[in-house]
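Have a look at the structure below before the remarks.
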Amino acid sequence: MVIPELPIGKTVESGVYWLNDNFGFLLDLFSSLIDFLISGFKDILMFLSPVPFIIVVSTLIYIISKKNLKLALGTAAGLVLIESMGLWALSMETVALVLSSALVALSVGIPTGILAAKNETVNQMIKPILDFMQTMPSFVYLIPAVIFFGLGNVPGLVATIVFAMPPAIRLTNLGVRQVPKELKEVASAFGTTPLQKLFKVELPVALPTIMAGVNQCIMLSLSMVVIAAMIGARGLGYQVLVGIQRVDIALGFEAGLGIVIIAIVLDRITQSITPKE
């Protein structure tokens, strides 16, 4: 008995082209909004020259991390090293891409996680989708992104959003579900509405777990910068790609080191502002 071949790939391809042909105007609008978001972050990051920027950022980190001098000095040292390697503009573009993708991913992921925690039907429906998003090779996301948005920062950011969103959804869902039942009962006994219970009881208690999801979302966004460079995304990822193409060890190592510094700084910042359980 011969098992018939199912044209799954062709069906998905037809669906992608159908969406592109029938909803191209919406995709163009979305592309413009995303491009505006990236440009806005980049303009803000490039507003100050490197030295004033390093001073301002280190001071802000010192304040928001509750006077963690080690973190502030470490951030300053890392940013000085990036500037000394001549990678400042590319690094700011990378940070703009990461912040933009993380902002969009969290804007969708956190509300979706809350909804999944509140509704078991939604939770069961979304689980296989998240499994698919997390296990599908990240390179595969680049193909429809290029078809929908062409080459450049926008398709790279869209692929990054799809790749980075699942941890935010899962950990938000987990955090809200782990809120002790007793606290919910006490809140209900005092006559709180569902929204009051969510914002004044459940989310504050779940915040450490949600912030872990935020941290993972940012780290996964940063891990995609090299892959997204394959479809035209700029920044340090593109430098790494050029280093690979030219077999230029120096170029690739410096760009990779810049990505590592940014990752460490963002990771420590999110950890420092996460409330302790």
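The values are calculated or read from the model by the stated rules, or taken from the named source; none is laboratory data. Worth saying up front: this structure is predicted, and the values here are computed from it rather than measured. Neighbour counts are summed over all protein chains in view; Cβ atoms, including those assigned to glycine, are modelled from backbone coordinates with ideal geometry.
Here are the numbers:
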read-out: Residue list for the stretch 7-27, restricted to those being part of a helix (DSSP H, G or I), without any contact (Cβ under 8 Å) to a residue 24 or more places away in the chain and closer than 16 Å to residue 145 by Cβ; value: 12, 13, 15, 24, 26
read-out: Candidates 161, 143, 169 - the one that is under 16 Å from residue 34 (Cβ atoms) and in a helix (DSSP H, G or I); value: 161
read-out: Search result, residues across the stretch 186-231 that are under 20 Å from residue 104 (Cβ atoms) and small (Gly, Ala, Ser); value: 212, 213, 221, 223, 228, 229
read-out: Residue check, residue 218 of a type in the set (Val, Ile, Thr), at pLDDT below 85 and over 22 Å from residue 84 (Cα atoms); value: no
read-out: Residues (more than 22 Å from the chain's Cα centre (by Cα) and not in a helix (DSSP H, G or I)) located in the stretch 28-66; value: 47, 48, 49, 66
read-out: Flag if residue 157 is surrounded by fewer than 23 Cβ atoms within 10 Å (Cβ to Cβ), in contact (Cβ under 8 Å) with a residue 12 or more places away in the chain and under 20 Å from the mean Cα position of the chain (by Cα); value: no
read-out: Scope the stretch 117-129; condition more than 20 Å from the chain's Cα centre (by Cα) and assigned to a helix (DSSP H, G or I); matching residues; value: 117, 118, 120, 121, 122, 123, 124, 125, 128
read-out: Of all residues making up the stretch 210-224, the number that are farther than 21 Å from residue 176 by Cα and not hydrophobic (A, V, I, L, M, F, W, C); value: 2
read-out: Any hit, the stretch 176-186, residues being touching a residue at least 40 places away in the same chain (Cβ under 8 Å), buried (at least 19 other Cβ atoms within 10 Å of the Cβ) and either farther than 30 Å from residue 231 by Cα or touching a strand residue (DSSP E or B) at 6+ places or on another chain (Cβ under 7 Å) (or both); value: yes
read-out: Residues of the stretch 28-38 satisfying the condition of being among the hydroxyl-bearing types (Ser, Thr, Tyr) and without any contact (Cβ under 8 Å) to a residue 40 or more places away in the chain; value: 32
read-out: The listed residue being loosely packed, with under 15 Cβ neighbours inside 10 Å and either on the phi > 0 side of the Ramachandran plot or at pLDDT 85 or above (or both), out of 53, 23, 47; value: 47
read-out: Answer residue from the stretch 190-229, given it is of a type outside the set (A, V, I, L, M, F, W, C) and not in a helix (DSSP H, G or I) and is surrounded by the fewest Cβ atoms within 10 Å (Cβ to Cβ) among those; value: 191
read-out: Residue selected from the stretch 77-105 under the condition within 23 Å of the chain's Cα centre (by Cα) and more than 29 Å from residue 167 (Cβ to Cβ), by the criterion surrounded by the most Cβ atoms within 10 Å (Cβ to Cβ); value: 88
read-out: Residue tally, condition in a helix (DSSP H, G or I), over 30 Å from residue 175 (Cβ atoms) and not hydroxyl-bearing (Ser, Thr, Tyr), over the stretch 230-277; value: 22
read-out: Selected residue (criterion: modelled with the highest pLDDT) from residues of the stretch 133-153 that are under 17 Å from residue 220 (Cα atoms) and among the aliphatic types (A, V, I, L, M); value: 133
